[in-house]
Amino acid sequence: MTIGLDDVVAAETSLSHVDGEAGRLIIAGHDLKELAGRVAFEDAVAMLWRGLVPDAGDPRAVLGKARERAYGYLAPLSPQLAGLTPIEGMRLLLASLPDADEDHPALAVGAAGVAAAMAVRGAQGLAPVAPDASLGHAADILHMMRAAPVEATEVLGLDTYLVTVIDHGLNASTFAARVVASTQAGILSSVVAGLCALKGPLHGGAPGPVLDMLDAIGSIDHAEAWLDDAMSRGERLMGFGHRIYKVRDPRADVLMAAVGRLKGKSNRIAFAEAVEATALKVLERRKPGRRLDTNVEFYTAILLDSLSVPREGFTPLFAAGRTAGWVAHAIEQTRTGRIIRPQSRYVGAWPAQAA
Ligand code: ACO
């Protein structure tokens, strides 16, 4: 029996494959590097959903309409966002969607984008901004989050991010979504389950610490001494190392390229590149042979910070991208017609034997 399900195959999927030894992520039959920065998020969604969701025409128009429909449901709830963190606000908003809406797949993804933007604004006490269905999904999220003009390079940056995180094998949130889907509870409930699993700090809730680390280092002159001191205290360097990837996380490469295209947007980018190089040197010196490399979180933090997303908004944006994967997995799981129902080993007390 494997406690925690390490190495257990719990589902078959055609959606994505993670090869931790080769540093390869395949999404719907394509290497991540063929997709990220090259196709718009809505086109990646269409690829992922092929054969699972009926083709409803131009994916950009479908998601634009879905955002408008979602806003109709969600906007009245904006007063309730005061006092909530963005991820709590997003949970409240997505949980409010009605099962009776007839187009769950598009609605879920449209709503996730709207909810992420609304929740980030709501946490700052700002009123929501209505979606513009004529924009692409990434552009509209930035527009709804900022209520200010957005540059094309910024749209490309967020598009690249959303595609990069669209799916990643049977991670904890995807598994949670599949468990709920297996009970035939529906797509929207599966997405809410995925969101609840994602928000934990061991999964998608921890990208902020990379920025905290960079803030603490302060300047590149202090980097090596600061990182050495952190290692001496037994601390982990944030944004480095990965349980599955034993080589560089391929998502780090595509996000680094996306950050590179934004050069000049943030002083933090050049600083982060210098800290990364120093951290890899320190890790190799202090942990020789452990194969510790840069993971997805390092450049996620730099990229989203460069797009002026507050750090509490990083996880909601992760969820906005991953919702497309949760939806696809929910449909794939529902089609099996089989409930996921593992067993536990009882280690509690037994009733006293009858005399
Ligand atoms: N900094 C310093 N040392 C590290 C780091 C790190 N970031 N990561 C691992 N190590 C060391 C460990 O201390 C251990 O050393 P030891 O063999 O001398 O005891 C060795 O490398 C192997 O570490 P494990 O504990 O086996 O690695 P594990 O697979 O359990 O952990 C994890 C993976 C949690 C990602 C870890 O690398 C870590 O904590 N990284 C920092 C936090 C982070 O960036 N998290 C985001 C990960 S990406 C994602 O989950 C989406």
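Sparsely packed loop sites in the stretch 1-36 (the GluC sites (Glu not before Pro) outside DSSP H, G, I, E and B with at most 11 other Cβ atoms within 10 Å) comprise E12, E21. As a proxy for reagent exposure, ranking M145, M118, M213 by other Cβ atoms within 10 Å from fewest up yields M213, M145, M118. For the stretch 289-297, the Karplus equation 6.51 cos²θ - 1.76 cosθ + 1.60, evaluated at θ = phi - 60°, returns couplings of x, 7, 6, 9, 10, 5, 9, 4, 5 Hz by residue, with Gly and Pro reported as x. For V109, V259, the sequence from fewest to most other C-beta atoms within 10 Å is V259, V109.
Counting neighbouring Cβ atoms within 10 Å and putting the fewest first, the residues M256, M90 line up as M256, M90. A straight line joining the Cα centroids of the stretch 1-75 and the stretch 140-155 runs 23 Å. Within the listed set P86, P76, P105, the residue fluctuating most in the Gaussian network model of the chain (springs between alpha-carbon atoms under 10 angstrom) is P76.
With Rg and the Kirkwood Rh both taken from Cα atoms, where does Rg over Rh land for the stretch 92-194? Intermediate results must be reported in sequence, preceding the final value.
Values: Rg = 14.8 Å, Rh = 14.9 Å.
Over the Cα atoms of the stretch 92-194, Rg/Rh equals 0.99.
On a full-extension model of 0.36 nm per residue, what is the gain between D221 and A75, subtracting their alpha-carbon distance, rounded to one decimal in nm? Display every interim value, and only then the final one.
Values: separation 146, 0.36 × 146 = 52.56 nm, distance 4.74 nm.
Gain in length upon complete extension: 47.8 nm.
Kindly state, to the nearest 0.05, the FRET efficiency for L84 paired with I339, given R0 = 35 Å and r defined as their beta-carbon distance. Walk me through the numbers before you get to the answer.
Details: r = 33 Å, r/R0 = 0.94.
Efficiency, rounded to the nearest 0.05: 0.60.
Note on S134 and V9: the extension gain reaches 40.8 nm, defined as 0.36 nm multiplied by sequence separation minus the Cα-Cα distance. Remark: the stretch 149-157, residue by residue, has Karplus-estimated 3J(HN,Hα) of x, 10, 7, 4, 5, 6, 4, 4, x Hz, where x stands for each Gly or Pro and the curve is 6.51 cos²θ - 1.76 cosθ + 1.60 at θ = phi - 60°.
Based solely on its DSSP helices, what 222 nm [θ] is calculated for the chain when runs of n ≥ 4 H residues each add -39,500 (n - 2.57) and the sum is averaged over all residues, nearest 500 deg cm²/dmol?
Numbers: 15 runs with 190 residues, N = 355.
Dividing the helical sum by the residues of the chain leaves -17000 deg cm²/dmol.
Result for the chain in a Gaussian network model with C-alpha springs under 10 Å: among G194, G110, G241, the largest mean-square fluctuation is at G241.
Rounded if a/c is under 1.5, else prolate if a/b beats b/c, else oblate: with a ≥ b ≥ c from the C-alpha gyration tensor eigenvalues square-rooted, which is the stretch 207-306? Oblate is the answer for the stretch 207-306, as a/c is 1.5 or above yet b/c matches or exceeds a/b. Spatially, the stretch 187-229 and the stretch 271-324 are offset by 8 Å when compared through their Cα centroids.
Since every read-out is calculated from the coordinates, none of them should be taken as a lab result. Please read all numbers here as calculations on a predicted model, not as lab measurements. Note that each Cβ is placed from the backbone with ideal geometry, even for glycine, and that neighbours are counted across all protein chains shown.
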